[in-house]
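Notes follow once the structure below has been shown.
The values are calculated or read from the model by the stated rules, or taken from the named source; none is laboratory data. Here the structure is a predicted model, which means the values were calculated and not measured. Quick reminder, even Gly has a Cβ in these numbers, built from the backbone with ideal geometry, and neighbours come from all protein chains shown.
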Amino acid sequence: MTPQSVREPAYEVDGLGFAYRHGAQVLEHVTCQVRSGEILGVIGPNGSGKTSLLKLLARVLRPQAGVLRLFGKELSGLSQDHVARTVALVPQESQLLFPFTITEMVLMGRFPHQRSRGWAGFGWEGDEDVALARDAMREMDVLHLANRLITDVSGGERQRAIIARALTQEPRVLLLDEPTAFLDLQHQLEICAILRRLNEERGLTIILVSHDLNLASQYCDRLLLLDGGRIFRMGPPEDVIRPDLLETVYRCRVLVDRHPQSGLPRVTLPGRPMTT
């Protein structure tokens with residue numbers, strides 16, 4: 001495998017700016033690179049622009065300023081199908097309006113590839129599509145639930161199925177917004193372990209938004225700390241999970257020590273608000 005230091009960046013973000021219509025600026029002057037094959041955690045307080053940044057990277061939203069490049073090509077110049085075959089987005093809340101089976105939902109990830117073959121979409125899956133969907137379900141340990149309705153499984157099983165749908169897109173980049181939200185501790189750790197394994201085995205570039213600073217610290221190669229729509233600090237966990245930085249951004253007292261097994265920084269909250 002080509003050393004990461006000389007591999008083409010997955011994303012190049014240059015002067016990115018975005019504001020919702022009739023709203024305040026959400027992101028401003030965001031400039032950074034996302035390395036191919038890394039796990040990047042995006043952290044920061046509520047309203048700092050984390051989810052908006054993820055949607056911009058997926059081209060769900062369009063920036064008002066700056067340039068976004070995906071593997072060297074300007075994102076604005078790529079077709080939506082090309083982006084969907086390269087980037088898969090797992091939102092924090094997926095709308096499950098119809099009682100599809102797990103298999104039916106996972107097969108939806110093949111839609112961009114079906115369109116590229118000139119097929120109409122749902123209901124036109126070929127043997128290759130079904131095989132890829134089954135592989136993704138096996139990877140995420142939901143194959144035994146293939147015929148169950150998505151509305152009839154647990155939150156952890158549903159989240160694994162949604163990630164399986166994203167993997168069926170065969171993306172080079174996986175974007176996840178709070179992938180462990182609303183899950184118990186066991187399922188949180190399972191999801192993080194699966195993401196790390198996918199990253200190591202497939203070289204998948206993963207960008208995840210998380211409010212859990214400790215999970216982000218333990219499982220991400222680098223962290224991007226946002227504050228007020230701007231990058232406050234970006235680097236390995238040791239350079240970002242620091243009391244001085246976190247207290248400035250989150251405006252509360254924190255204690256940071258080292259995890260006894262990984263040696264990576266770990267955050268505790270002593271419960272003393274900062275006085276102004």
What about Asp221, is it touching a residue at least 40 places away in the same chain (Cβ under 8 Å) and among the acidic types (Asp, Glu)? yes
Tally time: how many residues in the stretch 136-153 are under 21 Å from the mean Cα position of the chain (by Cα) and either surrounded by fewer than 22 Cβ atoms within 10 Å (Cβ to Cβ) or part of a helix (DSSP H, G or I) (or both)? 5
Does the stretch 166-184 hold any residues that are surrounded by fewer than 18 Cβ atoms within 10 Å (Cβ to Cβ) and hydrophobic (A, V, I, L, M, F, W, C), and which are they? Ala181, Phe182
Of everything in the stretch 256-274 that's without any contact (Cβ under 8 Å) to a residue 12 or more places away in the chain and in contact with a Lys or Arg (Cβ under 7 Å, 6 or more places away or on another chain), which residue is surrounded by the fewest Cβ atoms within 10 Å (Cβ to Cβ)? Asp257
Is it fair to say His187 is in contact with a Gly (Cβ under 6 Å, 6 or more places away or on another chain) and part of a helix (DSSP H, G or I)? yes
Meets criteria (surrounded by fewer than 16 Cβ atoms within 10 Å (Cβ to Cβ) and either hydroxyl-bearing (Ser, Thr, Tyr) or modelled with pLDDT of 95 or more (or both)) for Thr205: no
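Would the stretch 256-267 turn up any residue that is hydroxyl-bearing (Ser, Thr, Tyr) and within 22 Å of the chain's Cα centre (by Cα)? So that I can check it myself, show each step before the final result.
The initial filter retains those residues of the stretch 256-267 that are hydroxyl-bearing (Ser, Thr, Tyr), namely 262.
From the residues that got through so far, the ones that are within 22 Å of the chain's Cα centre (by Cα) too are none.
No.
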Please count how many residues of the stretch 154-191 are of a type in the set (A, V, I, L, M, F, W, C), under 12 Å from the mean Cα position of the chain (by Cα) and over 16 Å from Val142 (Cα atoms). 4
Determine the pairs where a residue that is of a type in the set (Phe, Trp, Tyr), located within the stretch 63-81, has a partner that is surrounded by 15 or more Cβ atoms within 10 Å (Cβ to Cβ) with Cβ atoms under 8 Å apart, the partner being 6 or more residues away or on another chain. Phe71/Pro9; Phe71/Ala10; Phe71/Ser36; Phe71/Thr86; Phe71/Arg172
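Does any residue of the stretch 142-162 turn out to be within 30 Å of Gln33 (Cα to Cα) and touching a Phe, Trp or Tyr at 6+ places or on another chain (Cβ under 9 Å)?
yes
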Looking at Arg230 and the list (1) modelled with pLDDT of 95 or more; (2) out of contact with any helix residue (DSSP H, G or I) (no Cβ under 8 Å at 6 or more places or on another chain); (3) under 30 Å from Ile102 (Cβ atoms), which single condition is not satisfied? (3)
Scanning the stretch 235-255 for residues that are touching a helix residue (DSSP H, G or I) at 6+ places or on another chain (Cβ under 7 Å) and surrounded by 18 or more Cβ atoms within 10 Å (Cβ to Cβ) gives Pro237, Ile241, Val254
Take the residues of the stretch 223-234 that are buried (at least 19 other Cβ atoms within 10 Å of the Cβ) and within 17 Å of the chain's Cα centre (by Cα): which is nearest to Ile194 (Cα to Cα)? Leu223
